[in-house]
Every structure is written in C-alpha cells, then in structure tokens.
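Trainee: This is the structure, below, for whatever I ask next.
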Amino acid sequence: NAGVMQNPRHLVRRRGQEARLRCSPMKGHSHVYWYRQLPEEGLKFMVYLQKENIIDESGMPKERFSAEFPKEGPSILRIQQVVRGDSAAYFCASSPRAGPNTGELFFGEGSRLTVL
Amino acid sequence: GESVGLHLPTLSVQEGDNSIINCAYSNSASDYFIWYKQESGKGPQFIIDIRSNMDKRQGQRVTVLLNKTVKHLSLQIAATQPGDSAVYFCAETVLINSNSGYALNFGKGTSLLVTP
C-alpha cells in the first residue's frame, strides 16, 4: 500500500521559469492538501482540494500559484515565473475524508524547490 | 524554549532521559490537536493526537497533555532514544470551509537532539 507519492523530490529552476509539483494521494483518498515549509519553520497551509474541486485556497498566493486535482491523475501545484522566495519544501498530504479527524492526514516526502 | 530569529528552539537530552516539548496554540476554538515528528529530509509523521474534551492521552512512550485554559500542549517522550532525534511540531485543527473543510495549523517546531 503505497503512501503519498510526490515528485520530483528535488527541483531546480531559474527565476522566471515554471515549476510543476505532483502529488499522488494514498489509494482511496480523495482529499489533498498542499503545504509549504520554509527552512527551520513550520508547515503553512496553502490549498485544500477534492477531486476536480478547489475547496479552499486561502493560503495560496493570489498570483503565479495554482493547484488542481483532476478526476484522473495526480494533484499538481504549479508555480509560474518562479522567484527566489519560492524556494521551499512543498508537502502534499492526503486524507480519506474531510472533517476534524485530520490525524488521518498522511504526508508525502515533499518536493524541494530551489530557485537560482 | 524561545525561538530567536530564524532558529528553531532546540532541546538537547541524554539518551534514556525523558523529554518534554512544549507548544502554545492560538485558536481557542480548536478542538483537535496533533503532534508530528519530522526527520531531516522527510515529511511529517503522525505521533499522537488529542481532542479538546481530554487533558491527557498516552501512547507508546509518548504522552500528550492539553491545558485549554492557557492554550498549551506538551509532548512527553519517555526514555528518549537516538531515533527520537527530529523536529517536533504541534498542530491545531482549523475550520477553513463551512462544508467540513478542515486544515492543520502548524506551530514553528522544536528540534530534539538526543545525545548518547
């Protein structure tokens, strides 16, 4: 039973390029969350998606960032025209259901983005 | 401990001693709390959770204490082992969407270093 799979694990981009981060949730999980972690800081909520729907994106910057979770395939976090401040670890988590029992939130190993 | 600048609070303990990691949360309406362990280069792993109608919960070698009056959580690790060295985060559940959309709000984290 594979866990949450994220790829790429490491991504290097130059300023102005695009970054695409992928997340395949655990089997049977239809709820996906993306978090960003800056060095020596906690995880900051970005966006919560269910299949084909963005439920809440209040933690996501208004410009350059977008997320999707299509009916088929992984969830994708897309960052356009990256800047150095986007350098961080991006974690995806999945859950089998919504609700306050988010102890059932399972995290992937993260994608580490470095912007040169 | 208190954080200074960008440095994580650090707790250094000797192998075999008990560890206590503290966390203050912000939202008095939060009713569910989780402790996560994050090893270097990996995603957060669930350790133990507690609901607001409890003030103590025990797991294997770990105990979480909740003081709602002062909005304080602590994680106690008994007989600390080298494998316990990691960053520990507390997280509170926050409602982000009226359709039962919940996300986790993470604290800054404490780095636990276990010395032989």
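The values are calculated or read from the model by the stated rules, or taken from the named source; none is laboratory data. These figures come from a predicted structure and were not determined experimentally. Neighbour counts run over all protein chains shown; Cβ positions are idealised from the backbone, glycine included. Heads up: the accessible areas ignore ligands, DNA and RNA and are worked out on the full protein's heavy atoms, side chains in. Shrake-Rupley method; radii C 1.70, N 1.55, O 1.52, S 1.80 Å.
Trainee: Over all alpha-carbon pairs of the protein assembly as shown, lay out the pair-distance distribution in 10 Å bins, whole %, shortest bin first.
Mentor: Result returned by the calculation: 8, 32, 35, 20, 5, 0.
Trainee: Let me ask you something else. Give, as a single signed number, the net charge of other residues whose beta carbon lies under 14 Å from the beta carbon of residue B:39, with Lys and Arg counted +1 and Asp and Glu -1.
Mentor: Summing Lys and Arg as +1 and Asp and Glu as -1 gives 0.
Trainee: Here's a follow-up. Just read off the accessible area of residue B:69 with the full protein assembly in place, 1.4 Å probe, to the nearest 10 Å².
Mentor: 130 Å²
Trainee: Taking a ≥ b ≥ c as the square roots of the eigenvalues of the Cα gyration tensor of chain A, is the shape rounded (a/c under 1.5), prolate (a/b larger than b/c) or oblate?
Mentor: Taking the square roots of the gyration eigenvalues as a ≥ b ≥ c, chain A is prolate.
Trainee: Just the Cα atoms of chain B: what Rg and Dmax do they give in Å?
Mentor: Considering chain B through its Cα atoms, Rg and Dmax are 14.3, 49 Å.
Trainee: Here's another thing I want to ask about it. Leaving out ligands, DNA and RNA, and with a 1.4 Å probe, what % of the accessible surface on the protein assembly as shown is carbon or sulfur?
Mentor: 47 percent
Trainee: In the range B:50-116, if the dipole is taken from +1 on Lys/Arg beta carbons and -1 on Asp/Glu beta carbons about the Cα centre, which of B:110, B:91, B:58 is farthest to the positive end?
Mentor: My answer, from the dipole projection, is B:58.
Trainee: Pull up the DSSP beta bridges for chain A and report the antiparallel fraction as a percent, rounded to 5.
Mentor: Expressed as a percentage, antiparallel bridges in chain A total about 90.
Trainee: Treating the beta-carbon of each Lys and Arg as +1 and of each Asp and Glu as -1, no other charges, what is the dipole magnitude of chain A about its Cα centre, to the nearest 20 debye?
Mentor: About 380 debye.
Trainee: Right, here's the next one. I'd like the FRET efficiency for residue B:53 and residue B:17, computed as 1/(1 + (r/R0)^6) with the beta carbon distance as r and R0 of 30 Å, rounded to 0.05. Could the numbers behind the result be given before it?
Mentor: Values: r = 31 Å, r/R0 = 1.04.
Computed FRET efficiency for residue B:53 and residue B:17: 0.45.
Trainee: Okay, next question. Whole-Hz ³J(HN,Hα) for each residue in the range A:63-71, computed from phi via Karplus 6.51 cos²θ - 1.76 cosθ + 1.60 with θ = phi - 60°, x for glycine and proline: what do you get?
Mentor: 10, 6, 9, 8, 9, 8, 9, x, 4
Trainee: Moving on. Treat every Asp and Glu Cβ in the protein assembly as shown as -1 and every Lys and Arg Cβ as +1, leave all other atoms uncharged, and give the resulting dipole magnitude about the Cα centre to the nearest 20 debye.
Mentor: Values: 26 positive and 21 negative charges, 117 e Å.
The dipole magnitude comes to about 560 debye.
Trainee: A follow-up question, please. Quick one: of the DSSP bridges fully inside the range B:1-95, what percent are antiparallel, nearest 5?
Mentor: That works out to approximately 100 percent antiparallel.
Trainee: Are there residues in the range A:36-66 whose accessible area shrinks by at least 50 Å² when all protein chains are included rather than the chain by itself, and which are they (probe 1.4 Å, ligands and nucleic acids not counted)?
Mentor: A:40, A:43
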